[in-house]
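For reference, the structure discussed in these notes is given below.
The values are calculated or read from the model by the stated rules, or taken from the named source; none is laboratory data. Since we're looking at a predicted model, the values are computed, not measured. Methodologically, a virtual Cβ is constructed for each residue, glycine included, from the backbone with ideal geometry; neighbour enumeration extends over all protein chains shown. Ligands, DNA and RNA are excluded from the accessible area calculation, which covers all protein heavy atoms including side chains. Shrake-Rupley method; radii C 1.70, N 1.55, O 1.52, S 1.80 Å.
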Amino acid sequence: MKNEIKVFCPATIANISCGFDVLGVALDNVGDEMVVKKTSKKGITITKIEGQNLPLETHKNVAGVAGLALLSASDYEGGFEIEIYKKIKAGSGIGSSAASSTGAVCAMNKLLGEPFSNLELVQFAMKGEELASGVQHADNVAPAIYGGFTLVRSYSPLDIIKINTPKKLYATVIHPQIEIKTSDSRKILKTTISLADGIKQWGNVGGLIAGLYTEDYDLISRSLEDHIIEPIRSILIPAFDNVKSASLNAGALGCGISGSGPSIYALSKGKETAEKVAQAMQNVYNKVGIPYDIHVSTVNTEGIKTIS
């Protein structure tokens, strides 16, 4: 059995417009890398972090907290050392904390001979998400572990369903270089909604899942609407309405906030359209004058990948 492993930890888009805290999808060419080693010393030691200024202290780092949750549930009497190579910026809205949390627990699980199920790994990783946002949400960590689109049907008990990924579906994500903390973006949300808004949202969630399974791109497009969260959170993101309008005019199936923002995502049918959407997004932000990153990616249906 190996004593060291290197993994790719994918970025993720959470909420997918209508699915607040229950829907997510993993990206294929955007993510972090982690090296995890078994040691005789008990506990979790984070030895290196490159790419971001994040704490090395185990209890202050999401990878450390998630790793400790797995370790306490295992029979392993040793510990692990973790190196983190961050390529997803913290506060970007594409699952930076989820990448670290899931990468740690998936790598540890593989080194232990995979004693834990994907569902159990999600539960461990959610401990890291709680450190980052104050809430144990699974809409980022679930797709990172399972791959593809995932639905969190229930949190109590935890029930996760992997959803079909249409073959021609592409994601475009623009990340304005501003930071919005998930914990802050949650504070501005309402705690109650109207029955009318709830009915619209439930219909869209059902329509989106049906569209993904049947690969009905028109149904997917009609269902990518958010009547509850987006109207509130979008005020925190510069030029959001202009980016959304430009994306839809360029042929996107739908456009919305990735996670808690500030990243904005769009789903498209085909790479050519996804790249046109990327150009449309860039045109808007070039006028705004805020630096940004742009990504065009297929859906990662595998989740965490072993590199070596």
Please work out which residue is surrounded by the most Cβ atoms within 10 Å (Cβ to Cβ), limiting yourself to segment 116-137 and to residues that are at pLDDT below 95 and not in a helix (DSSP H, G or I). 137
Which of the residues spanning segment 1-49 are farther than 30 Å from residue 258 by Cβ and either touching a helix residue (DSSP H, G or I) at 6+ places or on another chain (Cβ under 9 Å) or not small (Gly, Ala, Ser) (or both)? 1, 2, 3, 4, 37, 38, 39, 41, 42, 43, 45, 47
What are the pairs with Cβ atoms under 8 angstrom where one residue, in segment 159-173, is without any contact (Cβ under 8 Å) to a residue 60 or more places away in the chain and polar (S, T, N, Q) and the other, located anywhere, is assigned to a strand (DSSP E or B) and buried (at least 23 other Cβ atoms within 10 Å of the Cβ)? Sequence gap at least six, or different chains. 164/149
Number of the exception - residue 85 against (1) under 20 Å from residue 147 (Cα atoms); (2) modelled with pLDDT of 95 or more; (3) within 22 Å of the chain's Cα centre (by Cα); (4) not charged (D, E, K, R): (1)
Only unsatisfied item for residue 46, checking (1) among the hydrophobic types (A, V, I, L, M, F, W, C); (2) touching a residue at least 60 places away in the same chain (Cβ under 8 Å); (3) open to solvent by less than 40 Å² (accessible area, probe 1.4 Å); (4) not in a helix (DSSP H, G or I), is (2)
Quick one: what pairs do we get from segment 67-82, first residue under 15 Å from residue 39 (Cβ atoms), second at pLDDT below 95 and among the hydroxyl-bearing types (Ser, Thr, Tyr), C-beta under 6 Å, 6+ apart or different chains? 78/40
Do you know which of the residues in segment 244-271 that are touching a Pro at 6+ places or on another chain (Cβ under 9 Å) and not hydroxyl-bearing (Ser, Thr, Tyr) is most open to solvent (accessible area, probe 1.4 Å)? 269
Listing of helices (runs of 4 or more DSSP H) fully contained in segment 224-291 that carry 3 or more residues being without any contact (Cβ under 8 Å) to a residue 12 or more places away in the chain, out of contact with any Cys (no Cβ under 7 Å at 6 or more places or on another chain) and of a type in the set (Val, Ile, Thr): none
Within segment 11-43, track down each residue that is open to solvent by 50 Å² or more (accessible area, probe 1.4 Å) and of a type in the set (Gly, Ala, Ser). 40
Which of the residues spanning segment 49-66 are β-branched (Val, Ile, Thr) and not in a helix (DSSP H, G or I)? 49
